[in-house]
Amino acid sequence: MTEIERLKAEIKSADAIVIGAGAGLSTAAGFTYSGERFEKYFSDYEAKYGFHDMYSGGFFPFETPEEMWAYWSRFIWCNRYMDIDNGTYKTLFELMKDKDYFVITTNVDHQFQRAGFHKSRLFYTQGDYGLFQCSEPCHDKTYDNEEIVKDMIEFQADMKIPAELIPKCPKCGKPMTMHLRSDDKFVEDEGWHRAAEHYDNFLQAHSGQHILFLELGVGYNTPVIIKYPFWKMTAQNPKAVYACLNYGEAYAPDEIVEQSICIDGDIRDVLNKLV
């Protein structure tokens, strides 16, 4: 039996499936930050500022907030609101929709919900491109940004937004910032805590059962969120199975190798074979 056949059998027979998704899943879905996609949407930024991928642009020291938000509004639109999924997330949903599943992800592009996954079964640990928060932060609340991002894109000129569109905190007046975990100022709002609780409850409800821990495109930037806990929970439960789909980094430690399925390949191709 091939590894893909083994995984197909596990998906079918598992009592519950915990999906752990990292950047590799969105890359497989077409959300690349460099190359053709960067050239298509950000060639003017490359010419003016000299960076060569979207990720670098996120750390570029723009001289003014008007320039910074001109960049970020386009970045958010391309990676949160544009419909570019090549079918990867939708294929994953087709595999999971009739299963008892839960998703924990470090991705911040909202693609699970757009593909049909119910938000009560999702835990976005690192934030959401579609939300702003106070940069201070003076309070633990986040704000939907779609309308203001649309305005930033529509009314910008010379790669700057109008000063009046710079987002300000409605409580303290300080600048707003992206709701992305990069330091200790990340806001864990009510929705974040509710999702964390749902995740814990799901794990407890299925403790000791035949659980498939399905890890998709998780690297070693933040392994303590998904990868290491998946290994530990598999080791503690003889009925559990750990599956790792990763292009170039499909690995399981010796302690759980007998309970593991490792597939080194393009996640999109693998999911299509599973369907």
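By the beta-carbon count within 10 Å of each Cβ, the least crowded to most crowded order of Cys172, Cys134, fewest first, is Cys172, Cys134. Under the simplified labelling scheme, the Asp140-Arg6 pair shows an inter-label distance of 4.2 nm, with each label point 7 Å from Cα along Cα→Cβ.
The dipole here belongs to region 41-107: it is taken about the Cα centre, uses +1 on the Cβ of Lys and Arg and -1 on the Cβ of Asp and Glu, and is about 180 debye. Note on region 1-130: dipole from Cβ charges, positive end direction compared against Gly22, Ile104, His52; the farthest Cα belongs to Ile104.
Kindly identify region 36-183 as rounded, prolate or oblate by the Cα gyration tensor criterion: order the square roots of the eigenvalues as a ≥ b ≥ c, call it rounded if a/c is under 1.5, otherwise compare a/b with b/c, prolate if a/b is larger, else oblate. Oblate is the answer for region 36-183, as a/c is 1.5 or above yet b/c matches or exceeds a/b. For the chain, the relative contact order comes to 26 percent (Cα pairs under 8 Å, sequence separation of at least 6).
Distance from the C-alpha centroid of region 184-240 to that of region 73-138: 16 Å, rounded to the whole angstrom. Placing +1 on the Cβ of every Lys and Arg and -1 on the Cβ of every Asp and Glu, with nothing else charged, gives the chain a dipole about its Cα centre of roughly 520 debye.
When DSSP beta bridges are limited to those with both residues in the chain, what percentage is antiparallel, rounded to the nearest 5? DSSP beta bridges in the chain are roughly 30 percent antiparallel. Starting from the Cα of Lys48, draw a straight line to each of the lysines and keep only those under 25 Å, dropping any in the same chain fewer than 8 residues away. Candidates past the 8-residue exclusion: Lys40, Lys150, Lys160. Only DSSP H runs of four or more residues enter the estimate; each adds -39500 (n - 2.57), and after division by the residues of the chain the mean residue ellipticity at 222 nm equals -11000 deg cm²/dmol. Here Lys239 is the anchor, and the lysines within straight C-alpha reach of less than 19 Å, apart from those fewer than 8 places off in the same chain, are Lys8, Lys12, Lys99, Lys227. Each Lys and Arg Cβ is given +1 and each Asp and Glu Cβ -1; about its Cα centre, region 222-275 then shows a dipole of about 260 debye.
Quick note: the coordinates plus some simple rules give every number you see, no bench work behind them. What you are looking at is a predicted structure, and each value in this text was computed from that prediction instead of being measured. Neighbour counts are summed over all protein chains in view; Cβ atoms, including those assigned to glycine, are modelled from backbone coordinates with ideal geometry.
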